[in-house]
Amino acid sequence: MNQPSTPQGHPEALYVLFFTEMWERFSYYGMRAILTLYMIAPVSEKYGGGMGLSEKEAGPIYGLYTASVYLLTLPGGWLADNIFGQKKAIWFGGIIIMLGHIILAFPAGNMVFFIGLAIVAIGTGLLKPNISSIVGELYPEGGARRDAGFSIFYMGINVGGALGMLTVGYLGEKIEWHVGFGAAAAGMFLGLVGFKLMEEKYLKPYGLLKTKEIEKDKVADSKSNNMALMMIGILISLLLVLQFTNVIDVTTAQGLAQAMGVIIVSITTFYFVYILIAGKLSAVERTRMYVMAIFFVAIAIFWAGYEQGGSTLNIFAERNTNRFIFGWEMPASWLQGMQSVYVILFAPIVGAIWLYLSKRNSNPSAPIKFGMGLIILSFGFLLMYFASQYIVIGEKASFMWLIITYLFTVLGELCISPVGLSFYTKLAPARFVSQLVGIWFVGAALGNLIAGMFASNFDKDNVAQMPSLFMLVVVVSLISGLLMILLYKPIKKWMGGVE
Ligand code: GLN
């Protein structure tokens, strides 16, 4: 069917998805901007009182929440493919997200707050992967126009992120935390209204349930269902053993986060091994799977640093920076909004650089870009190592340190994140593409979890340790980046001609 197109040649449906995702990210990043700060704020002081949790609790809770958001994209994608179709999944997901934020907006105690967080995570799992897959559906021919469509969509993500962090951050920190959470709900509401109003006209043929294909796959499914059940059984036994031998304690936030880490690492390892053994892969598909496993580790390490924007760097912004401009104190959460602002500013430039280089046949290969991304990230944290020296001697650091650190994290992101996602779709054997894109999100889940768990150490009484904590991020990302660059030849060979 011929759908209306804009003069630039993109279907108008893209802008409906852009608008919806923009408001969803407004609510996600807006709420996330104040989440850690709210959890560690004293119970009845500034900003109407926080939860009064320690960093040991708040860090892992942030990690558990943000990891769940990305992990739940797996069942969210499955539900859309098999039961709802993408469009309904987006609609229901959006409603669930809004309800979750409404719950957060009521100061009704910690348990209710955690339930609200869980509901937001479930809704996001349903909305996020499916809205991106409809973007893909708009461009069945693939190619450069599809890439351009995704870049426009990524802009929507970050426009929403920037506006959310500014608005929710301001309201939450300066007026009242729960007013901030309420604004996140209002943002999602606007997204839903826009989606409903425009869906009929612009999204009619997209995001529907494809029942015929499901019938065909049923037989294959029952075999993998058995494997999945076996995997769940092994995982539960493993967690029970860890709990009863006191290796982890799932009655604490930290223990739960560790359990989540075990689950994520096991699922991913199992998945890769399963596909390698039972996926009937050709030789080249097999070596491409090795590359995807390496990229998985790299992206998890990358997000583990990057996503500290909402955890350690957010805590640092609040406690340890001087944020006065002409006598007015900027909300701490505004600083992480710089990540989205930088993406908007630099994504077109970095995209143009790759295009320029590829015209001259010197576009760096994917492992080199991964290596660059990790090394640039490590430079950002090196700045934090220096900034934290002020804190050790009892002073505050200028907020400019964070402004520049965030610039490095985003330049790294632009080398690694869009490149990685597109290579995942190209390297995956055609029949496993959507599952492997799911695994790519699992990499984000693992990174977010680590970014949260790492914040447990950012204790007020423990500032002497701060430089060495940031140095740890520098060393890990630098070494992994260098390894990617040193090993780029064999990795490139394993990619089997994928450019
Ligand atoms: N910032 C991007 C988004 O919100 C990517 C995040 C991620 O994959 N960790 O969609």
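The values are calculated or read from the model by the stated rules, or taken from the named source; none is laboratory data. Note that this is a predicted model, so its numbers are computed, not measured. Cβ sites come from the backbone with ideal geometry, for glycine too, and all protein chains shown count toward neighbours. Ligands, DNA and RNA are stripped out before the accessible areas are found, and what is left, the full protein with its side chains, is counted by its heavy atoms. Shrake-Rupley method; radii C 1.70, N 1.55, O 1.52, S 1.80 Å.
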At a 1.4 Å probe radius, carbon and sulfur cover how many percent of the accessible area of the chain? 70 percent
Among trypsin sites (Lys or Arg not before Pro) in segment 390-499, those in a DSSP loop whose Cβ has at most 14 other Cβ atoms within 10 Å are Lys396
Suppose all protein chains stay in the model; what accessible area per residue would a 1.4 Å probe give for segment 1-130, in Å²? 36 Å²
Would you mind computing, in nm to one decimal, how far apart the modelled labels at Glu499 and Leu197 are, each placed 7 Å from Cα along Cα→Cβ? 4.6 nm
222 nm [θ] for the chain, helices only, -39500 (n - 2.57) per DSSP H run of 4+, per residue, to 500? -26500 deg cm²/dmol
Which of the trypsin sites (Lys or Arg not before Pro) found in segment 304-360 are in a DSSP loop and have at most 11 neighbouring Cβ atoms, other than their own, within 10 Å? Arg360
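With a 1.4 Å probe and every protein chain left in place, work out the accessible area per residue of segment 276-400 in Å², rounded to a whole number.
Counting only protein heavy atoms, the per-residue value for segment 276-400 is 41 Å².
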Solvent-accessible area of Glu318, probe 1.4 Å, all protein chains present, reported in Å² to the nearest ten, please. 40 Å²
How many angstrom lie between the Cα centre of segment 51-75 and the Cα centre of segment 225-258? 17 Å
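Kindly rank 188-194, 165-171, 337-343 from highest to lowest mean number of other beta carbons found within 10 Å of each residue.
Working: 188-194: 19.9, 165-171: 24.6, 337-343: 22.9.
My ranking of the peptides, most packed first, is 165-171, 337-343, 188-194.
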Under the rule of at least 5 residues apart or a separate chain, name every residue whose amide H is placed under 5 Å from the amide H of Asn322. Ala397, Ser398, Phe399
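Order the following by accessible area, largest value first: Leu99, Leu281. Probe radius 1.4 Å; ligands, DNA and RNA are ignored.
Solvent-accessible surface, decreasing: Leu99, Leu281.
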Pull out a ≥ b ≥ c, the square roots of the eigenvalues of the alpha-carbon gyration tensor of the chain, then state rounded if a/c is under 1.5, prolate if not and a/b is larger than b/c, and oblate in the remaining case. rounded
Please report how far the C-alpha centroid of segment 118-160 lies from that of segment 285-350, rounded to the nearest whole angstrom. 20 Å
In whole Å, what is the distance between the alpha-carbon centres of segment 418-454 and segment 16-46? 24 Å
